[in-house]
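> Take a look at this one; I'll ask things after.
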Amino acid sequence: MICLTLPGPTVADNLQYITSHKEDIDMVELRVDFLLENHTVSEIVTHAKQLNLPTIATCRLPVDGGKYQGSLGDRKELLTTLIKKGGIRYVDIEEGEDIRYFQNLCNQSDVNLIVSKHDFSGIPDSLGEWMLGVSQKGCIPKAAVTLHSTQDLAGLLAIGSSMEFPAILLGMGVYGIPSRMLYKKFGSILTFCSPEGMEVAPGHITPRYLSLCGVHGEEHFWERELFAIIGDPVMHTQSPRLHNRWFREKGIPAHYIPFPVNNVGDFLSLLEPLGIRGFSVTIPYKETIIPYLTKKDDAVKKIGSCNTVIREIGGLQGFNTDYMGVQQPILKRNISLKGTSVCVLGAGGAARAAAWAVKDLGASVTIANRTMEKANSLAREVGAGSIPLAEVAQHTYDLIVQATSLGMDGKTDPIPNYSWSSRTVLFESIYAPEVTPIVQSAIEHGATVIYGKEMLLSQGVEQSNLFSQSVEV
Ligand code: NAP
């Protein structure tokens, strides 16, 4: 179940949040503590009654991430009124409260009691035992704990997969995001999310993003093949949007989620328990993943970086589709590189793929980079020349492949003094923003531009084909 936390300071705000997200949610969490500044208890009770969705009523103190400023006695009275008159399905109290009192009250009112524990520093000792103990009292245990690493996520999964009772277990922070998306695999009956543009608790995502990743509204979601993209950071990537759309269009029973990872080895230990069939690899792991591969395609062997991994019996097979992502937009335009001079700006992962891709299309290649050591090393491998990035403007090229990260800020042009002409082609690898300063400059001088989005789509389509082929339909 997808539960939207309602963080409105007013009833009107909450109703607006529900209207905007109703397609993507199953229930709501009414944050009573957020409303108290603007509404009386009786207005809040009326609001709860009129929500028309299963509702959890929650009223947290600042120490638990809330805004409640009143006395504990007043809060007990407030929750009592909501249980008796608010038409709510669940009430959420903290572990230190009078569980027996609330349990009796809930039993009389057909309300389920959730007993919560929050840990903003880590995973508390004996969390599994605490969850079991609360459940044995007839309540639903809820723990929201802070994860600092992929190893912590594995620890949370070990606790969650041993629970055989209704519970809510969520990892806060960026490394906890997979526990929010794959909540049932972590032993939870529901996951919480925030309205668009808000993050009510650390790591909350939006209902729309969950739906986009196939986490809501799809029958048999949990039986579908799971794919992911690993990186750090990773939440900004367009890949979940693209791959989930392609899976849907092709009728492939699979879904694809972002998976922030701080250690590749720890992530690999989760492949089997979470049932991850394959994954995309992005910055900074395209090279780190290589020692773990049991098979590599030619592009991985040649380029020394891998952006696609499929899990097979007995190992991991690695592919590099960035190479095709560079070649295809060039070939699609019938641009022949035989005998042309191409300058690749950068010597990182994208530049490596680009250098080999244009070299294999017959170009004479120059690598231009800020750090000459890296430029020289890539140039030696590919059979190319090398120059400092600052000297590119002293030369002219038929094609320039922009493969540095300069321009992602929308402000920096890696070669601001270059003399563009209408005969030059610019291949920009950055896709956000679409028009970087170098693209702007090339357009102003009539040069042909191949956009980063084309590379993203071409490499993504290749990757999607590999993922789809690995799934038996
Ligand atoms: P990377 O391995 O970290 O390499 C970054 C490159 O940028 C290096 O050559 C680095 O030079 C250079 N650079 C960074 N900051 C610089 C600065 N302040 N001044 C001069 N040079 C600087 O990253 P990557 O994976 O190759 O990615 C590079 C770009 O390609 C990113 O913007 C990424 O979004 C894009 N990309 C796009 C696609 C797509 O599908 N469209 C796919 C992959 C990558 P030094 O060696 O001197 O540090």
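The values are calculated or read from the model by the stated rules, or taken from the named source; none is laboratory data. These figures come from a predicted structure and were not determined experimentally. As a convention, Cβ positions derive from the backbone with ideal geometry for all residues, glycine included, and neighbour counts pool all protein chains shown.
> Taking segment 426-465, which residues are more than 14 Å from the ligand (Cβ to nearest atom), assigned to a helix (DSSP H, G or I) and buried (at least 17 other Cβ atoms within 10 Å of the Cβ)?
Residues satisfying the conditions are Ser441, Ala442.
> Filter segment 181-200 for residues that are surrounded by fewer than 18 Cβ atoms within 10 Å (Cβ to Cβ) and of a type in the set (A, V, I, L, M, F, W, C) and give the result.
Ile189, Met198, Val200, listed by residue number.
> Next question, about the same structure. Tell me the strands (runs of 3 or more DSSP E) entirely within segment 1-90 that contain at least 2 residues that are farther than 28 Å from Asn104 by Cβ and within 27 Å of the chain's Cα centre (by Cα).
Working: elements: 2-6, 27-31, 55-58.
Filter on segment 1-90 gives 2-6.
> Being at pLDDT 95 or above, buried (at least 22 other Cβ atoms within 10 Å of the Cβ) and not small (Gly, Ala, Ser) is true for just one of Pro329, Pro240, Pro291. Which residue is that? Give the derivation first.
Details: Pro329 fails: buried (at least 22 other Cβ atoms within 10 Å of the Cβ); Pro291 fails: buried (at least 22 other Cβ atoms within 10 Å of the Cβ).
The conditions single out Pro240.
Each row is one residue, and each column tells you yes or no for (1) farther than 28 Å from Thr146 by Cβ; (2) among the acidic types (Asp, Glu).
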residue	(1), (2)
Ile93	no, no
Glu97	no, yes
Phe102	no, no
Asp110	yes, yes
Asp119	no, yes
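> Something else: Please find, among Leu361, Leu345, the residue that is touching a helix residue (DSSP H, G or I) at 6+ places or on another chain (Cβ under 9 Å) and either within 9 Å of the ligand (Cβ to nearest atom) or hydroxyl-bearing (Ser, Thr, Tyr) (or both).
Details: Leu361 fails: either within 9 Å of the ligand (Cβ to nearest atom) or hydroxyl-bearing (Ser, Thr, Tyr) (or both).
Being touching a helix residue (DSSP H, G or I) at 6+ places or on another chain (Cβ under 9 Å) and either within 9 Å of the ligand (Cβ to nearest atom) or hydroxyl-bearing (Ser, Thr, Tyr) (or both) holds for just one of Leu361, Leu345, which is Leu345.
> Of the conditions (1) farther than 27 Å from Asn320 by Cα; (2) within 13 Å of the ligand (Cβ to nearest atom); (3) of a type outside the set (Phe, Trp, Tyr), Ala403 clears all except one; give me its number.
Failed condition: (1).
> Which of the residues belonging to segment 370-425 are in a helix (DSSP H, G or I) and of a type in the set (Gly, Ala, Ser)?
Here is the first cut: in segment 370-425, the ones in a helix (DSSP H, G or I) are 372-382, 389-394.
Those that are in a helix (DSSP H, G or I) and of a type in the set (Gly, Ala, Ser): Ala375, Ser377, Ala379, Ala390, Ala393.
> While we're here: Taking segment 135-165, which residues are under 26 Å from the mean Cα position of the chain (by Cα), assigned to a strand (DSSP E or B) and hydrophobic (A, V, I, L, M, F, W, C)?
Ala143, Ala144, Val145
> OK, next. If Asn263 satisfies all but one of (1) in contact with a helix residue (DSSP H, G or I) (Cβ under 6 Å, 6 or more places away or on another chain); (2) at pLDDT below 95; (3) of a type in the set (S, T, N, Q), what's the number of the condition it fails?
(2)
> Then there's this: Answer yes or no as to whether Ile430 is modelled with pLDDT of 95 or more, among the hydrophobic types (A, V, I, L, M, F, W, C) and within 15 Å of Ile367 (Cα to Cα). Spell out how you get there, then give the answer.
Details: modelled with pLDDT of 95 or more: yes; among the hydrophobic types (A, V, I, L, M, F, W, C): yes; within 15 Å of Ile367 (Cα to Cα): no.
So Ile430 does not fit the description; no.
> Now for a separate question. Does any residue in segment 16-32 that is under 12 Å from Pro195 (Cα atoms) come within less than 6 Å, Cβ to Cβ, of a residue that is among the basic types (Lys, Arg) and surrounded by fewer than 21 Cβ atoms within 10 Å (Cβ to Cβ) six or more places away or on a different chain, and which pairs are these?
Qualifying pairs under 6 Å: Asp24/Arg208.
> Something else about it: Could you check, for segment 259-268, whether at least one of its residues is among the aromatic types (Phe, Trp, Tyr) and over 28 Å from Gly315 (Cα atoms)?
No.
> Would you check which residues across segment 406-425 are more than 10 Å from the ligand (Cβ to nearest atom) and under 20 Å from Ile387 (Cα atoms) and list them?
Asp413, Ile415, Pro416, Asn417, Tyr418, Ser419, Trp420, Thr424, Val425
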